[in-house]
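The values are calculated or read from the model by the stated rules, or taken from the named source; none is laboratory data. Model, not experiment: these values are computed from the prediction. Neighbour counts are summed over all protein chains in view; Cβ atoms, including those assigned to glycine, are modelled from backbone coordinates with ideal geometry. Accessible surface areas use protein heavy atoms only, side chains included; no ligands, DNA or RNA. Shrake-Rupley method; radii C 1.70, N 1.55, O 1.52, S 1.80 Å.
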Amino acid sequence: MSVFTPLERHELEVFLAPYGLGRLRDFQGIAAGSENSNFFVSLEQGEYVLTLVERGPVADLPFFIELLDVLHDAGLPVPYALRTQDGEALRRLAEKPALLQPRLSGKHVREANAHHCQEVGSLLARIHLATREQPVERRSDRGLDWMLAEGPSQALKLDEQALPLLRDALAEIAELKPRILALPRANLHADLFRDNVLFDGNHLAGVIDFYNACSGPMLYDLAITLNDWCSQEDGSLDGARARALLGAYAALRPFSAAEAQLWPAMLRVACVRFWLSRLIAAESFAGQEVLIHDPGEFQRRLAQRQQINLPLPFAL
Ligand SMILES: Nc1ncnc2c1ncn2[C@@H]1O[C@H](COP(=O)(O)OP(=O)(O)O)[C@@H](O)[C@H]1O
Ligand SMILES: N[C@@H](CCOP(=O)(O)O)C(=O)O
């Protein structure tokens, strides 16, 4: 699905030459993904992924390059922009911004277990610890203000059951916004779903797709992550997986009292963010060959997050 821009072998060879990584052996478009055109590229000196940026926050590419350098330098398994022999990271190919990154090993897991969740919890804490002293600043384009701006018009299109659920969640966001914004901050992945994590057997081998990354409250990133990794089919949380993820995170970064208080609400905020983006995507990409995720999944999760029996461990 996601090779929007096909490439000729010759133009790719010309593009790759300045990296000094040897001759092109093979390349292949990657079907997964929905935003950009991605290719596996095999060169004499190793395996890489080439991304042509098709849409999204193109002006913020220097932010993503800088953040991934910071995380790579901290020893985290993330892709980062390779430099040409002249030191260039962000280049152009087929009239699109283009980046070459190392290919990470591993596969996505569909059915997460408590061990996967524990690994993901540790990894997320390590991203936050690596950046909280000096976050690389970027405002999310799907933040609280965006939810409050987009939410009311989406709510009006919902049925009688869904409308009050979204309306009440938006009212809660408006009320809690100042307290949420005052929570401890760092850089957030902000989309750490199963399809953005690679596992090699039981070992977490990579985290990809940082195009939603931003600076913001760490607790929000944790809620986004937990809502994907620890939800069951009906939207409720699986206690064993959720405790594994939270325990592993808290072992590296203990929570503050303010975070413990806002935790149940934060799980709801994180549901609203993806419910809205999926509703909007379903509307704007209807009939096109673009992967559209089910908005109903986040409606069910939000409905299940009205009563949360999952306190944050080790809260001060
Ligand atoms: N650095 C990488 N190493 C290994 N596989 C990658 C890497 N980057 C992307 N991929 C593969 O490409 C797919 C699409 O990447 P993704 O960043 O999710 O695309 P999009 O930006 O279009 O959503 C991923 O599911 C993964 O299989
Ligand atoms: N993981 C998300 C997709 C990414 O969010 P977007 O706002 O960049 O489309 C999902 O499953 O909805």
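Just the number, please: Stokes-Einstein D of segment 9-103 in µm²/s, Kirkwood Rh from C-alpha pairs, 4 °C, 1.567 mPa s.
Details: Rh = 13.7 Å.
Estimated diffusion coefficient is 94 µm²/s.
If you roll a 1.4 Å probe over segment 9-103 with all protein chains in place, what percent of the accessible area is carbon or sulfur? Display every interim value, and only then the final one.
Values: 2200 of 4580 Å².
So the carbon and sulfur contribution to the accessible surface is 48 percent.
Report, in cubic angstrom per residue, the convex hull volume of the C-alpha atoms of segment 197-284.
Residue-normalised Cα hull volume stands at 142 Å³.
Amide H to amide H under 5 Å from Phe210: which residues, 5+ apart in sequence or cross-chain, H placed 1.01 Å off N in plane?
Close amide H contacts, sequence-distant or interchain: none at all.
Given only helices, namely DSSP H runs of n ≥ 4 each adding -39500 (n - 2.57), what is the per-residue ellipticity at 222 nm of the chain, to the nearest 500 deg cm²/dmol? Could the numbers behind the result be given before it?
Details: 9 runs with 135 residues, N = 316.
Taken over the chain, the calculation gives -14000 deg cm²/dmol.
So which lysines pass the test for Lys107, namely a Cα distance under 30 Å, with those fewer than 8 places away in the same chain ruled out?
Within the straight-line limit of under 30 Å, Lys107 reaches these lysines: Lys96.
For a protection proxy built on the mean count of beta-carbon atoms within 10 angstrom, sort 133-141, 167-175 highest first, please. Before the final figure, lay out the partial values.
Numbers: 133-141: 14.0, 167-175: 15.6.
By packing density, highest mean first, the sequence is 167-175, 133-141.
Express in whole angstrom the spacing between the alpha-carbon centres of segment 23-77 and segment 154-198.
Result: 28 Å between the Cα centres.
Extension gain Glu233-Leu148, at 0.36 nm per residue separation less the Cα-Cα distance, in nm? Write down the numbers at each step before the final one.
Values: separation 85, 0.36 × 85 = 30.60 nm, distance 2.76 nm.
In short, 27.8 nm is gained.
Accessible area of segment 179-298 with a 1.4 Å probe: how many percent of it is carbon plus sulfur?
53 percent
Keeping every protein chain in place, order Asp73, Asp145 by accessible area at 1.4 Å, biggest value first, i.e. largest first. Please list the in-between numbers first.
Details: Asp73 125, Asp145 70 Å².
Heavy-atom accessible area, descending, gives Asp73, Asp145.
As an exercise, use a Förster radius of 45 Å and the Cβ-Cβ distance of Ala240 and Ala94 to find the FRET efficiency, rounded to the nearest 0.05. List each step's numbers first, then the result.
On the way: r = 47 Å, r/R0 = 1.04.
So the FRET efficiency works out to roughly 0.45.
So with the 1.4 Å probe, I'd like the accessible area per residue for the chain, rounded to whole Å².
On the way: 14650 Å² over 316 residues.
Using a 1.4 Å probe on heavy atoms only, each residue of the chain averages 46 Å².
Explain nothing, just the number: dipole magnitude of the chain about its Cα centre with +1 on each Lys and Arg Cβ and -1 on each Asp and Glu Cβ, in debye rounded to the nearest 20. Don't jump to the answer; show the numbers that get you there.
On the way: 31 positive and 41 negative charges, 126 e Å.
The calculation lands at about 600 debye.
Give me P(r) over the chain, computed from all C-alpha to C-alpha distances, binned every 20 Å, as integer percentages.
31, 57, 11, 0
Let me cross-check His115: its accessible surface, 1.4 Å probe, with only protein heavy atoms counted, in Å² to the nearest 10?
Answer for His115: close to 60 Å² accessible.
Using per-residue counts of other Cβ atoms within 10 Å, averaged over each peptide, order 19-30, 266-277, 176-187 from highest down. It would help to have the intermediate numbers written out before the result.
Numbers: 19-30: 13.8, 266-277: 24.4, 176-187: 16.2.
In decreasing order of mean packing, 19-30, 266-277, 176-187 become 266-277, 176-187, 19-30.
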